[in-house]
Amino acid sequence: MAVASRPASRDPRPKQRGDGFQINWTAILFLLPAALLLIIFLVFPAIFTVGLSTDRGRGGEFSEFVGLRNFINLFTNDPNFLRLGFPPSGALWNNVLWVIFYTFLCVFLGLLIAVMATRVRYEAIIKAIVFLPMAIAATAIGVIWSFVYFPNPNTGLLNALLGIFGIGPVAFLGSPDTVNWALIAVGVWGSVGFATVILSAALKGISTEVLEAARVDGASERSIFFKIIIPMVSLPISVVGVTLVVNVIKLFDLIYVMTRGGPGTSSRTIAFSMYQEAFPAGRYGYGAAIAIVMLLLLVPVLIFNVRRFSSERVTA
Amino acid sequence: MTATAVGAGTRSSDRTFAQRLTRLIGRSPIHIVLGLIGLIWLVPSIGLLITSFRPSSDMRASGWWTIFTNPSFTLDNYLRVLQGEGIAGAFLNSVYITIPSTLIPLVIASLAAFALAWIKFPFRDTTFLIIIGLMMIPVQIGFIPLVQGMRPTGLLTNFGGIWLTHAAYSLPFGIFLLRNFFITLPKDLIEAARIDGASNLGIFRTIVVPLSVPAIASYGIFQFLWVWNDLLMALVYVQSNAAQPMPVKITQLLGTYASEWSLLAAASFLVMLVPLIVFFSLQRFFVQGLLAGSVK
């Protein structure tokens with residue numbers, strides 16, 4: 001692994017009073033390029049966007065202060081973003097579906113493949129095959145699967161297969177009832193490799209003696225899986241889960257390539273809505289508000305990361 | 001390989017054929033499930049690959065799977081997208097966008113990571129925690145102000161805007177990754193160089209960078225593939241049609257030729273070509289970068 005934790009032998013930094021009051025010009029020079037880019041392109045725009053989210057934002061500039069009206073409209077008055085009812089719909093609800101099903105299926109299949117692959121000789125090959133979508137563009141994944149889902153059974157593989165059983169043809173991406181499930185399946189196909197590789201590395205860390213001892217004591221493979229393997233990889237599972245949830249909040253490419261949020265607006269996600277409202281539609285204040293919602297959804301993850309890394313004392 | 005598998009392997013030599021067959025059948029569910037998974041993960045891509053080499057008249061008449069009974073191949077689709085549809089230009093644009101967008105953050109993040117790992121200054125730990133926090137800022141937060149701000153400067157029509165934004169939004173992860181690697185380098189080595197009178201820049205150039213090639217390579221490959229595959233940032237920060245990289249060009253083709261799968265397939269494999277080469281030749285670094293990003 002590229003990053004090991006800090007060797008325990010390193011001494012804690014000697015506490016010297018007065019040390020802190022000297023300006024260290026070397027440190028400033030090393031940090032300056034990064035600080036400039038981060039302040040100009042991240043920090044300052046973030047502050048601007050927070051401000052713009054409380055404005056009508058005509059033409060991308062401050063035009064008319066509207067307070068929290070953009071946010072109130074988003075959550076109560078915009079069926080494209082959130083429509084409560086039965087069943088609920090809208091971009092935010094779609095993201096909820098994504099978070100539940102995409103995250104669960106990726107972790108479940110990733111763990112299943114990682115565990116099963118250790119039992120066969122072609123472990124490296126199966127892992128590489130499943131991991132391959134991680135390397136290619138979401139744009140290409142979108143084209144690959146739009147082709148598989150194509151309604152004409154003389155072109156689309158899935159409808160050709162269903163045709164053998166006398167079903168279909170089904171327009172998977174053309175109906176509001178199926179489109180989100182079809183897209184989630186593609187997302188899972190693209191991300192299982194990530195879960196597999198991370199969880200497989202974690203499984204290799206479980207000592208084989210523990211497993212052997214359990215087997216000698218007559219434990220079944222099922223109880224070994226649930227009582228030994230799952231608890232020992234629970235931290236990597238939570239890390240993978242958090243990363244996948246972040247993927248969902250930022251999900252854009254697949255939606256843009258495969259459906260443009262359609263049919264109608266039925267497969268929009270938050271990140272897609274942000275782009276759509278801000279640029280093609282030119283509703284800048286509203287788009288800024290969606291960007292702030294994205295940021296707020298990511299804040300728990302941000303706190304989780306900062307806590308995790310500061311408690312690990314990676315700082316020297 | 002686990003200890004059980006090794007044990008089973010050595011024992012199987014003195015088993016009879018019938019026993020081995022029983023064992024194989026007992027294990028066959030695993031092979032069947034993994035085989036099925038392998039098929040689901042390979043067949044969609046292979047289907048598109050075959051389609052990219054089929055004449056488009058064949059594509060309209062029958063599915064790509066009929067190629068096995070009725071083979072016919074052509075390079076016409078590739079020639080057509082490269083010449084007629086401007087994919088050759090888009091490929092070059094992708095190169096122009098990706099190389100600086102990878103090298104700029106690589107250099108800047110290395111410098112900052114070195115300061116955070118080996119130079120003492122006030123609020124160093126706090127600075128590092130802020131960097132970790134910035135890792136989570138979504139790119140969307142900058143879209144509106146940066147597009148407004150860069151439009152009059154012309155940065156959105158040359159490649160400047162996309163270089164700088166890719167660099168900036170990649171820095172927190174890069175600094176995090178590299179700083180955590182730099183800190184594991186032997187302290188004695190760096191202290192000894194300091195005592196010998198080496199400057200910080202000298203230590204950075206002659207000790208830290210040469211010893212950190214694996215980590216720098218992991219970050220470089222990660223960033224290269226990220227930028228090469230990116231669609232969203234290019235849609236926002238490249239506003240000249242002549243400067244569009246391949247992912248944007250493919251979505252335009254998708255709009256124009258919704259069911260011309262032969263052309264779309266050829267264009268998609270051209271965008272996948274570079275990542276596949278990188279992936280197969282440098283898989284180890286890529287997986288390392290990924291692991292470093294999520295676990296620890």
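If you check A:Ala140, A:Ala128, A:Ala124, A:Ala160, which single one turns out to be buried (at least 23 other Cβ atoms within 10 Å of the Cβ), in the same structural domain as A:Val242 (by TED's automatic domain parsing) and assigned to a helix (DSSP H, G or I)? Walk me through how you get there before you give the answer.
Details: A:Ala128 fails: buried (at least 23 other Cβ atoms within 10 Å of the Cβ); A:Ala124 fails: buried (at least 23 other Cβ atoms within 10 Å of the Cβ); A:Ala160 fails: buried (at least 23 other Cβ atoms within 10 Å of the Cβ).
Just a single option satisfies the conditions, and that option is A:Ala140.
Per-residue answers, yes or no, for (1) assigned by TED's automatic domain parsing to the domain that holds A:Ile249; (2) under 30 Å from B:Gly174 (Cα atoms); (3) in a helix (DSSP H, G or I):
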{"position": "A:Phe30", "(1), (2), (3)": "no, yes, yes"}
{"position": "A:Ala34", "(1), (2), (3)": "no, yes, yes"}
{"position": "A:Ile39", "(1), (2), (3)": "no, yes, yes"}
{"position": "A:Phe48", "(1), (2), (3)": "no, yes, yes"}
{"position": "A:Gly51", "(1), (2), (3)": "no, yes, yes"}
{"position": "A:Ser63", "(1), (2), (3)": "no, no, no"}
{"position": "A:Ile72", "(1), (2), (3)": "no, no, yes"}
{"position": "A:Phe75", "(1), (2), (3)": "no, no, yes"}
{"position": "A:Leu92", "(1), (2), (3)": "yes, no, yes"}
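In the range A:168-184, what residues are part of a helix (DSSP H, G or I) and surrounded by fewer than 17 Cβ atoms within 10 Å (Cβ to Cβ)? Quick ask: steps written out before the conclusion?
Within the range A:168-184, the subset part of a helix (DSSP H, G or I) is A:179-184.
Result: A:Trp181, single match.
Across the range B:180-202, what is the total count of residues that are charged (D, E, K, R), farther than 26 Å from B:Tyr219 by Cα and either touching a strand residue (DSSP E or B) at 6+ places or on another chain (Cβ under 7 Å) or surrounded by 13 or more Cβ atoms within 10 Å (Cβ to Cβ) (or both)?
Final tally of qualifying residues: 1.
Looking only at the range B:237-274, which residues are among the β-branched types (Val, Ile, Thr), in a helix (DSSP H, G or I), more than 7 Å from every other protein chain (Cβ to nearest Cβ) and in contact with a helix residue (DSSP H, G or I) (Cβ under 7 Å, 6 or more places away or on another chain)?
B:Val248, B:Val274
Let me confirm something: among A:Val188, A:Val216, which residue is within 14 Å of chain B (Cβ to nearest Cβ) and modelled with pLDDT of 90 or more? Show your work before the answer.
Working: A:Val216 fails: modelled with pLDDT of 90 or more.
A:Val188 is the lone residue from the list that is within 14 Å of chain B (Cβ to nearest Cβ) and modelled with pLDDT of 90 or more.
Tell me, which residue of the range B:139-160 that is touching a helix residue (DSSP H, G or I) at 6+ places or on another chain (Cβ under 6 Å) and not in a helix (DSSP H, G or I) is nearest to B:Ser94 (Cα to Cα)? Walk me through how you get there before you give the answer.
From the range B:139-160, those touching a helix residue (DSSP H, G or I) at 6+ places or on another chain (Cβ under 6 Å) are B:139-146, B:148, B:150, B:155-156, B:159; that's our starting set.
Retained after the next criterion (residues that are not in a helix (DSSP H, G or I)): B:139, B:155-156, B:159.
Details: B:Val139: 20, B:Leu155: 16, B:Leu156: 15, B:Phe159: 10 Å.
Looking at residues that are touching a helix residue (DSSP H, G or I) at 6+ places or on another chain (Cβ under 6 Å) and not in a helix (DSSP H, G or I), I get B:Phe159.
Would you be able to tell me the number of residues in the range B:206-236 that are more than 17 Å from B:Met272 (Cβ to Cβ), surrounded by 22 or more Cβ atoms within 10 Å (Cβ to Cβ), out of contact with any Phe, Trp or Tyr (no Cβ under 6 Å at 6 or more places or on another chain) and at the interface with chain A (Cβ under 9 Å from one of its Cβ atoms)?
1
Could you tell me whether B:Phe73 is hydrophobic (A, V, I, L, M, F, W, C) and assigned to a loop (DSSP other than H, G, I, E, B)?
Numbers: hydrophobic (A, V, I, L, M, F, W, C): yes; assigned to a loop (DSSP other than H, G, I, E, B): yes.
In short, yes.
Check off (1) modelled with pLDDT of 90 or more; (2) in contact with a strand residue (DSSP E or B) (Cβ under 9 Å, 6 or more places away or on another chain) for A:Phe71 and give me the number that stays unchecked.
Just one mismatch for A:Phe71, condition (2).
The values are calculated or read from the model by the stated rules, or taken from the named source; none is laboratory data. None of the values given here were measured: they were computed from a predicted structure. Here the Cβ is made from the backbone with ideal geometry for all residues, glycine too, and neighbour counts use every protein chain on show.
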